[in-house]
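Below: one structure, written as structure tokens.
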Amino acid sequence: MSATIKGTELISSLGKDEFLKLLITKMRYQDPLNPRADEEFLAQLAQFTAMEQMINLNNNVENFIKTFSVAREREAQTAALNLLGTHVKARDPDDKEKKKVLEGIVTKITSKDGVPRVVLTTDNKEREVGMEDIFEVRLY
């Protein structure tokens, strides 16, 4: 196994802080008369830099995904809130064939697992449907 592969395995099994401490210790005690060790050290340092950049990129992507998810949830909540007081038609979520239509006034907004749901009131009965089931919206 080459020193480069060993360095990669070392980076993956240790955290970046531990690996950096090892590199600093290696620099402190390196043999100035052995230039080959310097080449290995530089290869490991390049791997460390690449690994650190990948970690930072991964963190940035994770933060973007979280921000995007929060924005999507807020957008869906706003869309649901805008339906309050409107007359809507929606597919009955209990009807497996999705042929039965529910019709009523949106009187309430609920949330299930962060996803907004609307409550229709029709004939003094409340029925909860998902936003995806609504296919027509009218103002009274």
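What follows draws every value from the coordinates through simple rules; no lab data is involved. For clarity, every value in this text was computed on a predicted model and none was experimentally measured. Every residue, glycine among them, receives a Cβ derived from its backbone with ideal geometry; neighbour counts consider all protein chains shown.
What list do you get for Phe48, Phe41 if you sort them by fewest beta carbons within 10 Å? Show your work: numbers first, answer last.
Working: Phe48 19, Phe41 16.
Taking fewest neighbouring Cβ atoms as first place, the list is Phe41, Phe48.
Highest GNM mean-square fluctuation among Gln53, Gln30, Gln77, for the chain modelled with Cα contacts below 10 Å: Gln30.
Near Thr110, within a Cβ-to-Cβ distance under 13 Å, what is the net charge of the other residues, with Lys and Arg +1 and Asp and Glu -1?
On the way: positive: Lys108, Lys112, Arg117, Arg127; negative: Asp113, Glu126, Glu128.
Here the count lands on +1.
Where does the chain land on Rg(C-alpha)/(2.2 N^0.38 Å)? Kindly include the intermediate steps, with their values, before the conclusion.
Details: Rg = 29.5 Å, N = 140, 2.2 N^0.38 = 14.4 Å.
Relative to the 2.2 N^0.38 Å estimate, the chain comes out at 2.05.
Computed per residue of the chain from DSSP H runs no shorter than four, each worth -39500 (n - 2.57), the mean residue ellipticity at 222 nm is -18000 deg cm²/dmol. Listing Asp133, Asp95 from fewest to most neighbouring C-beta atoms within 10 Å gives Asp95, Asp133. Within the shell defined by Cβ-Cβ distances under 13 Å, the residues around Ser69 carry a net charge of -1, with Lys and Arg each +1 and Asp and Glu each -1.
Ordered by the count of other Cβ atoms within 10 Å of each Cβ, fewest first, Arg91, Arg72 give Arg72, Arg91.
Within the listed set Arg28, Arg74, Arg127, the residue fluctuating most in the Gaussian network model of the chain (springs between alpha-carbon atoms under 10 angstrom) is Arg28. When you restrict to C-alpha pairs under 8 Å that are six or more residues apart and normalise by the size of the chain, the relative contact order lands at 18 percent.
With an 8 Å Cα cut-off and a minimum separation of 6 or more residues, compute the relative contact order for the range 82-138 in percent.
Numbers: 111 pairs, mean separation 21.1, N = 57.
It rounds to 37 percent for the range 82-138.
Could you estimate the translational diffusion coefficient of the range 82-138 from the Stokes-Einstein equation, with Rh from the Kirkwood formula over C-alpha pairs, at 37 °C and 0.692 mPa s, in whole µm²/s? The Stokes-Einstein estimate is 294 µm²/s. Can you tally the net charge around Lys100? Count Lys and Arg as +1, Asp and Glu as -1, for every other residue whose Cβ sits under 12 Å from the Cβ of Lys100. Here the charged neighbours net out to 0.
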